[in-house]
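Step one of this worksheet: look at the structure below.
Since every read-out is calculated from the coordinates, none of them should be taken as a lab result. These figures come from a predicted structure and were not determined experimentally. Glycine also receives a Cβ, built like all others from the backbone with ideal geometry; neighbour counts cover every protein chain displayed.
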Amino acid sequence: MMNSSAACTMAKQLLKRIGLLALLMGYLSITQAHAQGFLKADGKKIMNGSGEEVILRGMGLGGWMLQEGYMMRTGDVAGQQHALKAKIEELIGPEKTNEFYSAWLANHTRKIDIDSMAAWGFNSVRLPMHYNLYTLPVEQEPVKGQNTWLNQGFAMTDSLLAWCKANNMYLILDLHAAPGGQGNDLNISDGDPNKPFLWESEENQQKTIALWRKLAERYKDEPWIGAYDIINEPNWGFTDPNDKNGCSEEQNGPLRQLMVEITQAIREVDQQHMIIIEGNCWGNNYKGVLPTWDDNVVLSFHKYWNYNDQESIQGSLNLRDKYNVPLWLGETGENSNVWFTQAISLAEKNGIGWSWWPLKKMGFNNPLEVKVAPGYQKILDYWKGKGEKPAADEAYKALMHQAQNTKLENCMYHQDVVDAMFRQVQTTATKPFAAHAVAAGTTIKAVNYDLGRNGFAYFDKDTANYHISLGSERTLWNRGHAYRNDGVDIKTGSDGYYVSNFEEGEWLQYTVNVPQKGRYKLLVQVAAAGTGGKISVSNNGAILAATTVVPVTGGEQNWETIEIAHVPLAQGKNTLRVRADSGEFSLNAIWFEKAGKSTGRKAKQKSKR
């Protein structure tokens, strides 16, 4: 046994080695950053300082500096951040409201988030900035026409840049909420229709220009700042007031002029960084904006809820060819895993980098899901007229709890989303969602089917939202909006997640490891509110047993257990597929028993619920 003195000496040596390693890694990071140099637009490509093409694979930090109502589940009562803040102040007062926002900003995005993104495969981060963290609104300036600079936004950006540099990731600064708001889609820019918009106020425009000059002056020597995305999603009818979002605008003169002036201000202090521009109509209408006015410009386009075919991006490709500038898919997402894989495959096939939206929110179709605290749900219910007003102390505790929930370690990590964005783009191979080692009494939850593409790890008929292309209402993929982001419908029950609306022709695959070859009895927990149906199981493509009837149980969660007997399983890896041969029903779990033995579960056993 080692004595305490020797143990202490070894510990000190270990800490010293760790410290030296950290210094070495820091040095390598710095030297690599300078070796790669600044990103630059070079013809139709984005290149680094070493002359290598860079495909940006990024994620936007939506909800951090700027809260959009739908991310907070307040879209129907408070879509803009200032409206939400006013409702919070009504509940708990200004002082405690400021405490909540301080906690939110401190917790939402930290080094652990950027470290995780790097580990998952991202090489860039898009920071959606709210101007009011960097400077005062024009109406609050002590001296009209001057700019008061606030340390908070710059300090947050400095920290984020340090985390990105440590991971060799590019940071793209995105002015998401410009002074006054840059369009009639109020939520995305925290716009207030009771005050002059960006396009109606020379003061707001001058403050926007000054902010970009200040940012460029601060970060001019930082090669891990990838680019300046100078105005997010302008949406404004300049010549036709009925064209609210500028989608039919033919001239876009004020937009072009402001972006030219911002560029000129940046170039006064910074000749190095790429400048990203966005057209009208949420970044997609470039009529009158082009040609470019600087030789280091990238065109951004945004893509939501349409088909992922060549035609869907051909207009942007035409601009790239005509003006010989790079393209960047600067914002996209908010859809299913199927759509994610399709969109990334399409972009990269055409040499286009991308930035997804967002990293986290109170929703399931992003890498991290912020859980809704019970107390926060009570506040939401009150705001929506479904519950009583909580006391101020109760509301304060609930809001602070919700701020704590934004920390990565308190979020639900959706590995299926990350898998769809990286691995599934490259291969149709499947992999286990969870380790399933089969033995007598083993239970597999139905929702833990394999990771992979539709048609390979599972098959579902409704897989994505294409409502823009279809000209229809928004379409659902996962009708339960829970647990996973595939086409499979998953709902939350009283005892956990279950597969719902499992209908004819759909199937789920489970990779299982069997330590001992033999025949097994499968007990499948099912429920059917309507017509019931039939179910079958195959292993490595071979049907294992005759089709089994799924009875009508009288409710979507009125579970009964059906038996599929004498299922042969080989030693080692088995690939089971559970298929709905007819009807529509729910699946909760699958149990395995050795043939001829029983764990006490009976066929058609009714749930106690």
- Item | Calculated over the stretch 487-533: convex hull of Cα atoms, volume per residue (Å³) | 140 Å³
- Message: Over the stretch 274-417, what portion of Cα pair distances is larger than 28 Å, expressed as a whole percent?
- Response: 41 percent
- Message: Please report the antiparallel percentage of the DSSP beta bridges confined to the chain, to the nearest 5.
- Response: 60 percent
- Let me know the whole percent of all Cα-Cα pairs from the stretch 160-238 that are separated by more than 19 Å. 43 percent
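Can you compute the charge dipole magnitude of the stretch 487-580 about its Cα centre, using +1 on each Lys and Arg Cβ and -1 on each Asp and Glu Cβ, nothing else charged? Give it in debye, rounded to the nearest 20.
That gives a dipole near 540 debye.
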- Note on the structure: A correct Karplus calculation of ³J(HN,Hα) over the stretch 233-242, with 6.51 cos²θ - 1.76 cosθ + 1.60, θ = phi - 60°, whole Hz and x for Gly and Pro, returns 6, x, 8, 8, x, 6, 9, 10, x, 7
- Message: Skipping prolines and chain starts, which residues have an amide H placed within reach, meaning under 5 Å, of the one on residue 550, given they are 5 or more residues away or on another chain?
- Response: 533, 534, 535
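Do you know the relative contact order of the stretch 428-606, to the nearest whole percent, from alpha carbon pairs under 8 angstrom that are 6+ apart?
Result for the stretch 428-606 is 27 percent.
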- Query: When the distances between all Cα atoms of the stretch 547-592 are binned every 10 Å from zero, what whole-number percent does each bin get?
  - Reply: 19, 52, 23, 5
- Which net charge results when you count Lys and Arg as +1 and Asp and Glu as -1 among the other residues whose beta-carbon is under 15 Å from that of residue 112? +1
- Task: Could you pull out every residue, at least 5 positions away or on a different chain, whose amide H is within less than 5 Å of the one on residue 60? Hs are placed 1.01 Å off N in the peptide plane, and Pro or chain starts have none.
- Result: 126, 356, 357, 359
- Message: Taking just the alpha-carbon atoms of the stretch 277-332, what radius of gyration and Dmax come out, in angstrom?
- Response: 10.9, 32
- Message: Based on Cα coordinates alone, diagonalise the gyration tensor for the stretch 221-342, multiply each eigenvalue by 5, take square roots, and list the semi-axes in whole Å, largest first.
- Response: 24, 20, 13
- Note on the structure: Amide H proximity to residue 480 below 5 Å, modelled H, separation 5+ or other chain, gives 490
- Taking a ≥ b ≥ c as the square roots of the eigenvalues of the Cα gyration tensor, with a/c under 1.5 meaning rounded and otherwise prolate when a/b exceeds b/c and oblate if not, the stretch 367-469 is prolate
- Of the trypsin sites (Lys or Arg not before Pro) in the stretch 514-599, which ones lie in a loop per DSSP and count no more than 16 other C-beta atoms within 10 Å? 517, 597
- Let me see the pair-distance distribution of the stretch 428-606: every alpha carbon pair, 10 Å bin width, integer percents in order. 10, 39, 37, 12, 3, 0
- Mind checking the dipole of the stretch 428-606: about its Cα centre, +1 per Lys or Arg Cβ, -1 per Asp or Glu Cβ, Debye to the nearest 20? 780 debye
- Per 10 Å bin from zero, what fraction in whole % of the C-alpha pairs of the chain is there, up to the bin with the longest pair? 3, 15, 23, 23, 18, 12, 6, 1, 0
- Item | Environment charge at residue 240 (Cβ cut-off 12 Å; Lys +1, Arg +1, Asp -1, Glu -1) | -2
- Query: What whole-number value in cubic angstrom gives the convex hull volume per residue for the C-alpha atoms of the stretch 52-166?
  - Reply: 150 Å³
- Surrounding charge for residue 172, neighbours by C-beta under 10 angstrom, Lys/Arg +1, Asp/Glu -1, total -1
- Taking a label point 7 Å from the Cα of residue 435 along the Cα→Cβ vector, which residues of the stretch 514-552 have an amide N closer than 20 Å to it? 514-517
- Can you tell me the dipole magnitude for the chain around its Cα centre, using point charges on the Cβ only (Lys, Arg +1; Asp, Glu -1), in Debye to the nearest 20? 3040 debye
